[in-house]
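Right, one structure below, let's go through it.
The values are calculated or read from the model by the stated rules, or taken from the named source; none is laboratory data. None of the values given here were measured: they were computed from a predicted structure. Counting neighbours? That spans all protein chains shown, and the Cβs are built from the backbone with ideal geometry, glycine included.
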């Protein structure tokens, strides 16, 4: 489907993308890190935490990819970013091939430029959003269909894979099955139908196996949108459709796409435009279905129609190259030059966007560096021997879990449980960091309210209060509330006195180690606590037994005792 010079160009683009990935480190977003954690849990035989607070919707194929990359260890997060960056290259190449098949090489090149230069798609790629590989699969399925109409199996297989990344592909697969029905026998129709149904069935089976609810993804996404107060509902769809589509594609490209649609409909039969019309229509239908189902209305859900607009915009700008020389071509060329000037003016007005993109990339890198330094701090590591690491919101929980290779109970958010845990992290001193990580929809601001006194650890905008500190023989908790301390003291005094009374003079004939073991046995404590250190309660009682044994030895050595003997 591609010629040699085009393959060389795509190869050079892939090499350039790989070099930028290596030179400008970026890291996955919240959803992607959560999938990495879930994938590692699967490899360890643990059940993924789909039901944890604010957990993203699971995507089966992305979960499988994350599990596979987790075999690479801590580098898996960067490898996942590389996968999505290369997916953007594949998406750009597929857009060119699709546009060339529809309108010719120059309109295809313009469409590829519009897609590859989209700030939205670039940001999705460097943050490892699932949308980028999803779009690459959809676009290449469309390119295969344009190359040979009603091809059937190959495009449908790609759509089935895309349907394991985002449900919008289910609509496309269903429409494509209807498109392929004419002229096919019953068996090929059923084979294609199996591929149509495979994605939603596999998705439901994953939900069922993990949560017991085959529709868990639908139910949890809807309830989470409500809990976080996100915009949703059918009434918001019309205005959001126009606004979000223009934002994803950029206003000049979106406007050129509308013009390109009019020009293409005037020149070609509707059947020739079936693929871009299907992408535009199916995307709009899926977006409306999102509102109807009560799910959150997000710009990411309009990426498929945005690709269609980029294709049509490419035709609007460079479609004149497909005409024979003449007045019509010249008028179109002049109009295209005018459109190009408008686009350049837009770029000049939006020049600050390049700086914002650079600043966002630096922000992503700095966040990861500072968080990694925080959790690697010896004081934090020592404190984690006592209990959990907590954050004010859920946003950094999967990142920290991934870095620490920790289970769900070891890293959590104070949004659900206000207990600060063993190490409580707060975000302070940087407004952008506070907005991004110290606050979240549906989470009280109190979760990021700093306690009195200086923090124990500070790394950039992250400060930590270590509520318990490791010692040579164990730890002493500072995280208990006053009521817990008082209740613990009363109960411990009773246990200590009981243990002392029950051991009595027996302690005089034991060594220190034996008395500690006896104290732990009477207290019901395990021989050693986590980390191989002796528990503080056992040490306390052993100390008292040592004192009592010493008094017993002194009494035994007295003249009165000798006379008694």
Any hit, segment 223-236, residues being assigned by TED's automatic domain parsing to the domain that holds residue 114, surrounded by 21 or more Cβ atoms within 10 Å (Cβ to Cβ) and at pLDDT below 85: yes
Matching residues in segment 426-456 - criterion: being in contact (Cβ under 8 Å) with a residue 40 or more places away in the chain and not in a loop (DSSP other than H, G, I, E, B): 432, 433, 436, 437, 438, 447, 448
Some residue of segment 301-318 being farther than 30 Å from residue 174 by Cα and assigned by TED's automatic domain parsing to the domain that holds residue 57: yes
Cβ pairs under 6 Å, 6+ apart, first in segment 40-53 and assigned by TED's automatic domain parsing to the domain that holds residue 405 and more than 23 Å from residue 219 (Cβ to Cβ), second at pLDDT below 90 and in a loop (DSSP other than H, G, I, E, B): none
Residues of segment 397-414 satisfying the condition of being outside any helix (DSSP H, G or I) and either at pLDDT 95 or above or in contact with a strand residue (DSSP E or B) (Cβ under 7 Å, 6 or more places away or on another chain) (or both): 410, 411, 412, 413, 414
Counted residues, segment 416-425 - those being crowded, with 22+ Cβ neighbours inside 10 Å and assigned to a loop (DSSP other than H, G, I, E, B): 2
Qualifying residue in segment 377-391 (condition: farther than 26 Å from residue 28 by Cα and buried (at least 22 other Cβ atoms within 10 Å of the Cβ)): yes
Residue satisfying all of: in segment 191-219; in contact with a helix residue (DSSP H, G or I) (Cβ under 9 Å, 6 or more places away or on another chain) and assigned to a loop (DSSP other than H, G, I, E, B); farthest from residue 180 (Cα to Cα) among these: 213
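Table: residues versus (1) in contact (Cβ under 8 Å) with a residue 12 or more places away in the chain; (2) outside the structural domain of residue 465 (by TED's automatic domain parsing).
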residue	(1), (2)
372	yes, yes
381	no, no
397	yes, no
416	yes, no
424	yes, no
Test: residue 346 is over 17 Å from residue 146 (Cα atoms), in the same structural domain as residue 142 (by TED's automatic domain parsing) and crowded, with 21+ Cβ neighbours inside 10 Å: no
Only one of 284, 256 that is in a helix (DSSP H, G or I), modelled with pLDDT of 90 or more and assigned by TED's automatic domain parsing to the domain that holds residue 96: 256
Count - residues of segment 347-396 that are at pLDDT below 90, under 20 Å from residue 437 (Cβ atoms) and in a loop (DSSP other than H, G, I, E, B): 0
Residues of segment 92-124 classified as touching a helix residue (DSSP H, G or I) at 6+ places or on another chain (Cβ under 8 Å) and not in a helix (DSSP H, G or I), total: 2
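Every residue, every condition in (1) under 29 Å from residue 139 (Cα atoms); (2) in contact with a helix residue (DSSP H, G or I) (Cβ under 6 Å, 6 or more places away or on another chain); (3) free of Cβ contacts under 8 Å to residues at least 60 places away in the same chain, yes or no:
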| site | (1), (2), (3) |
| --- | --- |
| 56 | yes, yes, yes |
| 63 | yes, yes, no |
| 70 | yes, yes, yes |
| 78 | yes, no, yes |
| 84 | yes, yes, yes |
| 87 | yes, yes, yes |
| 90 | yes, yes, yes |
Hits in segment 1-49 (condition: in a loop (DSSP other than H, G, I, E, B), in contact with a helix residue (DSSP H, G or I) (Cβ under 8 Å, 6 or more places away or on another chain) and within 30 Å of residue 102 (Cα to Cα)): 1, 2
